[in-house]
1. Can you find, within the stretch 156-202, the residue that is nearest to LEU118 (Cα to Cα) among those that are in a helix (DSSP H, G or I) and touching a residue at least 40 places away in the same chain (Cβ under 8 Å)?
2. Name every residue in the stretch 7-39 that is touching a residue at least 60 places away in the same chain (Cβ under 8 Å) and out of contact with any helix residue (DSSP H, G or I) (no Cβ under 6 Å at 6 or more places or on another chain), in order of residue number.
3. Within the stretch 203-228, which residues are without any contact (Cβ under 8 Å) to a residue 40 or more places away in the chain and of a type outside the set (S, T, N, Q)?
4. Kindly indicate which of TRP72, TRP24 is farther than 14 Å from ARG252 by Cβ, among the aromatic types (Phe, Trp, Tyr) and crowded, with 17+ Cβ neighbours inside 10 Å.
5. Hey, MET1 hits all of (1) in contact with a helix residue (DSSP H, G or I) (Cβ under 8 Å, 6 or more places away or on another chain); (2) at pLDDT 95 or above but one; which does it fall short on?
6. Could you check how many residues of the stretch 212-235 are among the acidic types (Asp, Glu) and over 14 Å from GLU78 (Cα atoms)?
7. Determine if the stretch 78-93 includes at least one residue that is of a type in the set (Lys, Arg) and loosely packed, with under 15 Cβ neighbours inside 10 Å.
8. Just to verify a result, which residue in the stretch 203-231, among those that are outside any helix (DSSP H, G or I) and of a type in the set (Ser, Thr, Tyr), is surrounded by the fewest Cβ atoms within 10 Å (Cβ to Cβ)?
Amino acid sequence: MDETQAATALKAAGEPVHFHDGVWWQQVSPGFCKPVDLLRQIVPGAARPTPAKRWLGYSHVVSDASQANHGWDVMCLEGEGVSRFDLSRVSPKRKQQKIKQAIKTLDIKLMKEIKPLLSVMNDINVVVARRTGHGYPPSYYVSRRAEWERFMLREFSLPGREWWGAFFEGRLVAYYYVHVIGRTLHINAAKSHTDFLHLGPNDALVFSLLEQHAKTGDCDRVIYGDWSPDVPSLNEFKERYGFARRIIPIFRSMTPAMRLGLWLKNRRSAAPQTQAGPA
């Protein structure tokens, strides 16, 4: 899927996208935009979102680090690591055995529909939030479940998306959500139920989707989320498959309003915090 196809799909789903200066932009938060193709390289000043959509600012990738004022720290797999991916590229040997066992135990397949699975997917999100402490709190998936379900169904309806599921005895225990734009595969979400982690659903899913895309040859690069400064074990998990940390140079333009907001946010973060009780 190219940039125009991706933008057309997003627009049809009601997402705030627009075309300006020869680039499709998406408003990722009120007043702030990024290109629909997150890895599209733009010379600073050569293209901007329309002013009405960028009243806080915008950002995009640049080809030369000297043009950058920011960096996107990701875990990336490129070249033959993608095109020639197979089990032999996973390390160490015991990890290969774990993958074989996981694939034997679990049923890994592309999900053709998610509406009947929303309840169990919601449960997975709740336990992931409890386990990791990242993203929305567990209460969000309960108190705002209808909103979450609408979001999930909208995302699933977008063309060019793949939803991979790991099933154990007919029950969904983990899922991954990915899409390809240009020649890059983005792993957008990776959720697995805590009670079934011992079965290796993450290994089975990552291996299966990388193996499949190596066969189809539709991508040259895979972005598997951000590099994590706080969870080294997560980085290590990805490194077993050949992923490596890469800092992608970014040009970010911020209006005075956004600069003030960031300053206030950092000021609050630096203030002494009181603890109400044991964590």
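1. Among them, the one singled out is PHE156.
2. Within the stretch 7-39, ALA9, LEU10, GLY14, GLY31, PHE32, LEU38, LEU39 qualify.
3. Residues satisfying the conditions are VAL206, LYS215, ASP218.
4. TRP24
5. (2)
6. Within the stretch 212-235, residues that are among the acidic types (Asp, Glu) and over 14 Å from GLU78 (Cα atoms) number 2.
7. Scanning the stretch 78-93 turns up at least one residue that is of a type in the set (Lys, Arg) and loosely packed, with under 15 Cβ neighbours inside 10 Å.
8. SER228
The values are calculated or read from the model by the stated rules, or taken from the named source; none is laboratory data. It should be emphasised that the depicted structure is a prediction, and the values quoted were computed from it without experimental measurement. No Cβ is skipped: glycine too gets one built from the backbone with ideal geometry, and neighbour counts run over all protein chains shown.
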